[in-house]
1. Looking at segment 102-119, which of its residues are closer than 17 Å to TYR175 by Cβ, under 17 Å from the mean Cα position of the chain (by Cα) and of a type outside the set (A, V, I, L, M, F, W, C)?
2. I'd like to know if segment 206-228 contains one or more residues that are among the basic types (Lys, Arg), assigned to a helix (DSSP H, G or I), assigned by TED's automatic domain parsing to the domain that holds LYS131 and at pLDDT 70 or above.
3. Kindly provide the set of residues from segment 171-186 that are more than 25 Å from LEU118 (Cβ to Cβ) and surrounded by fewer than 21 Cβ atoms within 10 Å (Cβ to Cβ), ordered by number.
4. Just checking, does segment 81-93 include any residue being surrounded by fewer than 21 Cβ atoms within 10 Å (Cβ to Cβ), closer than 26 Å to ASP63 by Cβ and among the hydroxyl-bearing types (Ser, Thr, Tyr)?
5. Can you tell me which residue within segment 121-151, out of those that are surrounded by fewer than 15 Cβ atoms within 10 Å (Cβ to Cβ) and among the polar types (S, T, N, Q), is modelled with the lowest pLDDT?
6. It is to be established whether one or more residues within segment 168-176 are at pLDDT 80 or above, assigned by TED's automatic domain parsing to the domain that holds LYS144 and at positive phi.
7. Which numbered condition in (1) touching a His at 6+ places or on another chain (Cβ under 9 Å); (2) in contact (Cβ under 8 Å) with a residue 24 or more places away in the chain is the only one that LEU111 fails?
8. Can you give me the number of residues within segment 3-33 that are under 26 Å from the mean Cα position of the chain (by Cα) and either modelled with pLDDT of 90 or more or surrounded by fewer than 12 Cβ atoms within 10 Å (Cβ to Cβ) (or both)?
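The values are calculated or read from the model by the stated rules, or taken from the named source; none is laboratory data. These numbers were taken from a predicted model, which means no experiment stands behind them. All Cβ positions, glycine included, derive from the backbone under ideal geometry; neighbour counts span all protein chains shown.
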Amino acid sequence: MKSYNEKTLTRDREYNGDGASDVPDISVFLPVFDEEPNLRLLHEKLDEALEKLGRTAEIIYVDDGSRDGSLKILRELAQEDKRVRVVALRRNYGQTAAMAAGIDAARGRVLIPMDADLQNDPADIVRRLGKLDEGYDVVSGWRKNRQDKLVTRKIPSMLANRLISWIGGVPLHDYGCSLKAYRRESLEDVRLYGEMHRFIPIYASWAGARVTEIPVEHHARTMGKSKYGLSRTIKVVFDLMTIKFMASYQTKPIYIFGSFGFLSFFVAFIAGLWALFLKLTHRADLIQTPLPIIAIVLFAVGIQFLLMGLLAEMLVRTYHESQSKRIYAVREMIGFDKTVTSDELQVTS
């Protein structure tokens, strides 16, 4: 068994170009937000798990604007272990932006995200790689024996997962598990916005990726504080609406807006026709019934829907034809060819 110093010397040689390829086999990336008590123990477990794989690897910690001493510890880890690279964001952008930063920074052939709260077990990485070797492109984790509160975490998660599977068309038990494995090519065209990180398997599936799921170990949080609560369920509902719209109408928004527009025109026509019928049969004057007002309002709404659909079509074409813009800003990047500051990033971008 190699000592820590011997292993560190070996990694230094590998990542200084003295024996290994510049492209590692595996990129493990972890969003970090106020996880100071967990980081040292987490890195030890991650180091032990990667040591057993026999593959080159890099570890990317994305500090998502931590307010405690997390970034200080990450700097120390980057100095101690040449596999470690750190991306420090300017402020707390949220898990999706941190995930996007990790994906953009990763160089490996296989990308493995996981949480930094010690609830994911790094030992499960080897099983993810085994499934990829069977021909799958995405291997999702399933916290089958989830160690979280029943009412506030497990029940809402179960309901949300069933709804997501139904709408997204990818039947998974646990979309919220961060521990997954992706072939790099399955994420090349994925762009993350809002809080869409949990839907990455759906995006990958739409692009033709083969998706599977296997159980993972899940440990109760012993240090630090959870960043999520019931309020997250509301965000999931909004995200699901976005997912459904993108699945069905992303490249043809005029269909959905035009449908509502013609529905408004139809109801307006019926209301106006009924108002005219009442007038001609002397049952009610136009000023005695709200039907004329309803007809006029719905006609105007129909026109607005059609115009919104045309504007959406223009936006979709602009979106697909223009250069993508990142959803986060980097303060500095540690452990790359050199330390890059935000000022240098602005000059080169």
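1. Those that are closer than 17 Å to TYR175 by Cβ, under 17 Å from the mean Cα position of the chain (by Cα) and of a type outside the set (A, V, I, L, M, F, W, C): PRO113, ASP115.
2. No.
3. PRO171, ARG183, ARG184, GLU185
4. Yes: one or more hits.
5. Checking each candidate, the answer is GLN147.
6. yes
7. Looking at each condition in turn, LEU111 falls short on (1).
8. 10
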